[in-house]
Amino acid sequence: MNYPEDIVSEILLSEEEIRKKAEELALKINEDYQNAPLTIVCTLKGAIFFFADLMKNIHIDCRIEFIKASSYIGNTTSTTGNVTISNSNFEIRGRDILLIEDIIDTGLTYYQLKQYFKAQGCLSCEMCVLLDKKERREVPIQAKYVGFEIENKFVIGYGLDYNEAYRNLPYVGVINPKYIK
Ligand code: 5GP
C-alpha cells in the first residue's frame, strides 16, 4: 500500500538541501574533532538518514555507535519527557561523544542523554541535529551543530516517523493534520 499523496501538507526540506547541509556540517566536525578520541553516536531510529549523509563526509578517525532513545509512546505527537536509553553498551569513558539526532524539540531527550554520557565518564558530549524547534525548548540546552531551525509543526520523513510510518519519505514534510489520530 502506498502512502496517501496528500500525506504532507508542505515539503519543508528536499533531499538535496539536506545532503548539502550535511556536507557543510561534516566539514566543521572534521575541523573541530581533529585528533580527538571521537565516537559518533546515531540515535535510532530517526537520525539514520541524516547520520548516513554526514558520515559519508566525515574523514577523521572515529568510531560509530547506535543507541535508542525513546520519549514518545505510540501514536502521540508530543513527548512524554521520560527518556528511555537502550543499546548503549560501548566504551564511553575518555571518549568525545557526538550525538547525531533527527530533531531537538523540548530538549529533554538531549538533556537526559548528556547527563547519562557525563555520568559514564565521557570527555565531552555534544550534539549535531538536523532540525531544531527552538521555540519549544523546556530546558536551556543547545546543539553544537544545527541543520535547520523549523517552526513548531509535526514533521515526518527522512527518518522521522508518525506512529512508526513515513520514515522512508525522501524529504522532510509537515504531516497533513487529517492523518493525525
Ligand atoms: P525532545 O526530547 O527534544 O522534546 O524531543 C526529541 C524527540 O522527539 C526526537 O528525537 C523525535 O523523536 C521527537 N520529535 C519531536 N518533534 C518531532 C516532530 O515534529 N516529528 C517527529 N516525527 N518526531 C518529533
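For residue 68, give me every one of the lysines with a C-alpha distance below 18 angstrom, ignoring sequence neighbours fewer than eight places off in its own chain.
Result set, ordered by chain and number: 45, 114, 118.
Once Lys and Arg get +1 and Asp and Glu get -1 on their Cβ, which of 100, 150, 123 lies farthest toward the positive end of the dipole of the chain?
The one lying farthest along the dipole's positive direction is 123.
Counting Lys and Arg as +1 and Asp and Glu as -1, what is the net charge of the other residues whose Cβ lies under 9 Å from the Cβ of residue 143?
Taking every Cβ under 9 Å from that of residue 143, the sum is -2.
Do any of 20/181; 28/181; 133/178 go past 32 Å between their Cα atoms, and which? Show your work: numbers first, answer last.
Details: 20/181 34 Å; 28/181 40 Å; 133/178 22 Å.
Too far apart for the 32 Å limit: 20/181; 28/181.
What do you get for Rg/Rh of region 105-146 when both radii come from the Cα atoms and Rh is the Kirkwood radius? Mind showing how you got there, number by number?
Details: Rg = 10.5 Å, Rh = 10.7 Å.
Taking Rg over the Kirkwood Rh, I get 0.97.
What's the long-distance tail for the chain, i.e. % of Cα pairs beyond 27 Å? Can you show the working numbers first?
Numbers: 3897 of 16290 pairs.
Everything past 27 Å amounts to 24 percent.
Suppose every Lys and Arg Cβ carries +1 and every Asp and Glu Cβ carries -1, with no other charges. What dipole size does region 93-146 come out with about its Cα centre, to the nearest 20 debye? Write out the running numbers ahead of the final one.
Values: 9 positive and 8 negative charges, 44 e Å.
Computed about the Cα centre, the dipole is about 220 debye.
How long is the gain from residue 93 to residue 63 if the chain were fully straight, where each residue apart is worth 0.36 nm and the alpha carbon distance is subtracted? The partial results should precede the final answer.
Working: separation 30, 0.36 × 30 = 10.80 nm, distance 1.35 nm.
Roughly 9.4 nm would be gained on extension.
What net charge is computed for the residues neighbouring residue 153, neighbours being all others with C-beta under 10 Å from the C-beta of residue 153, Lys and Arg scored +1, Asp and Glu -1? Each step should come with its number before you reach the end.
Working: positive: 133; negative: 10, 151.
Residues near residue 153 contribute -1 overall.
Counting other Cβ atoms within 10 Å of each Cβ, which GluC sites (Glu not before Pro) in region 86-177 have at most 15 and sit in a DSSP loop? Spell out each step's value before the answer.
Numbers: sites: 91, 101, 126, 135, 138, 149, 151, 164; in loops: 91, 138, 151, 164.
Answer in residue order: 91, 138, 151, 164.
Using only the Cα atoms of region 129-181, build the gyration tensor, take square roots of its eigenvalues as a ≥ b ≥ c, and label the shape rounded, prolate or oblate: rounded if a/c is under 1.5, else prolate if a/b is larger than b/c, else oblate. Write down the numbers at each step before the final one.
Details: a/c = 2.38, a/b = 1.61, b/c = 1.48.
It is prolate, given that a/c is not under 1.5 and a/b is the larger ratio.
Taking K and R as +1 and D and E as -1, what net charge do the other residues with C-beta under 12 Å from the C-beta of residue 63 add up to? Please list the in-between numbers first.
Working: positive: 95; negative: 61, 65, 91, 96.
Summing Lys/Arg as +1 and Asp/Glu as -1 gives -3.
By the gyration tensor of its Cα atoms, with a ≥ b ≥ c the square roots of the eigenvalues, what is the shape of region 1-75: rounded for a/c under 1.5, prolate for a/b over b/c, or oblate?
Details: a/c = 3.18, a/b = 1.61, b/c = 1.98.
In terms of gyration-tensor shape, oblate.
Read-outs throughout are calculated quantities, based only on the coordinates presented, and are distinct from any laboratory measurement. Predicted model, so just to flag it, every value in this text is computed and none were measured. Cβ: placed from backbone, ideal geometry, glycine included. Neighbour counts: every protein chain shown.
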